[in-house]
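S.K.: Mind having a look at this structure? Questions to follow.
The values are calculated or read from the model by the stated rules, or taken from the named source; none is laboratory data. Given the structure is predicted, the values throughout are model-derived calculations rather than measurements. So basically every Cβ, Gly included, is an ideal-geometry build from the backbone, and we count neighbours across all protein chains shown.
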Amino acid sequence: MHFVEILIVALALSLDAFAVSLAAAISGYTRNRRAAFRLWFHFGLFQFLMPVLGWALGTTIEPVTASIGDWVAFVLLAFVGVRMVRSGLNPSGVNQGHDPTRGLALVMLSIGTSIDALAVGLSLAMLNIKVWYPSVVIGIVTATMCMIAIAGGLRLGARLGGRAQVAGGIVLLLIAGRIVINHLL
């Protein structure tokens, strides 16, 4: 697999993480550097690890992951999206318990946005392609795309004000819906 092919795959895989990072930044969750770091680092790390995991699993469980992977991603993204919308509609302001850059929400988002990378790892195993180089490129590209999304999202969030968290949750719900539609079609 040539670098350009790996780069195209990496960019395609990073789009969900990009959108989630943008939504989190617009919602104001990445205002401090630590929260921004947690987000791009975890998304990059999971996008690196999932192809490795998929490759290691090989073809033995491929039919199982193919049938449920989209549903897992849908549930995780929809759950966090609903929590963000509910929190944004809360008249008392932002509920820090629903921060998508921390804890279980961050892990769920990281898994949800990297399920497709697991399938790429399975494909690499079937094609007898070594996984380490593509995985590193995928992880670095995803982390970089998330940094770009966070920088842009912070500017947008300042303009949107209180509606930003609701908008971020809606973006996650739209991504979850797209996953289901793609799965059903």
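S.K.: Would you point out which residue out of Phe18, Phe48 is modelled with pLDDT of 90 or more and part of a helix (DSSP H, G or I)?
M.R.: On the way: Phe18 fails: modelled with pLDDT of 90 or more.
It is Phe48.
S.K.: Which ones in the range 108-126 are more than 12 Å from Pro51 (Cβ to Cβ) and of a type in the set (A, V, I, L, M)? Can you show your working first?
M.R.: Step one: of the range 108-126, the residues more than 12 Å from Pro51 (Cβ to Cβ) are 108-113, 126.
Passing the criteria: Met108, Leu109, Ile111, Met126.
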